[in-house]
1. Match the structure shown to one of the listed values (i) 1.66; (ii) 1.20; (iii) 1.14 of Cα Rg over 2.2 N^0.38 Å, computed from it, and give that label.
2. What does the accessible area of Ser5 come to, in Å² to the nearest 10, when a probe of 1.4 Å is used?
3. Where in the chain lies the longest segment free of trypsin sites (Lys or Arg not before Pro) that are both loop residues by DSSP (not H, G, I, E, B) and have at most 11 other Cβ atoms within 10 Å?
4. In debye, nearest 20, what is the charge dipole magnitude of the chain about its Cα centre with +1 on Lys and Arg Cβ and -1 on Asp and Glu Cβ, if you could check?
5. Which one of Gly61, Thr25, Thr35 has its Cα pushed farthest toward the positive end of the charge dipole of the chain, where Lys and Arg give +1 and Asp and Glu give -1 at the Cβ?
6. So how far apart, in nm, are the two label points at Glu11 and Trp47 if each is 7 Å from Cα heading toward Cβ?
7. How high is the FRET efficiency between Thr20 and Ser66 when r is their beta carbon distance and R₀ equals 25 Å, given to the nearest 0.05?
8. What does the charge count near Ala52 come to, summing +1 for each Lys or Arg and -1 for each Asp or Glu among other residues with Cβ under 15 Å from its Cβ?
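The values are calculated or read from the model by the stated rules, or taken from the named source; none is laboratory data. From a predicted model like this one, the values you see are computed outputs, not experimental measurements. Neighbour counts run over all protein chains shown; Cβ positions are idealised from the backbone, glycine included. The protein model used for the area step is the full one, side chains on, heavy atoms only, and it has no ligands, DNA or RNA in it. Shrake-Rupley method; radii C 1.70, N 1.55, O 1.52, S 1.80 Å.
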Amino acid sequence: AETASRADVAETALRRFGPTAQVGTASECVDYFGTLAERGIERVYVWFSDFASTETLTAFGETVISQFEPSI
């Protein structure tokens, strides 16, 4: 499978999700979601430019979600 450039992903995200769309590496996402948590935000909803392929969801879970403790 061909990997899209960051610019292509950002352009697609902007078109689909508007100007508040966030694009980043796993590390950048962890940092971003961490700042939200520090501000007291307890829940976020995430949409993916590739419509959440199995590979994307697996990687997101392993590299981003796993860095946060469940609030249950």
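1. Label of the calculated value: (iii).
2. 50 Å²
3. 1-38
4. 280 debye
5. Toward the positive end, the furthest listed residue is Thr35.
6. 1.9 nm
7. For Thr20 and Ser66, the calculated efficiency is 0.50.
8. Within the 15 Å Cβ shell, the charges total -2.
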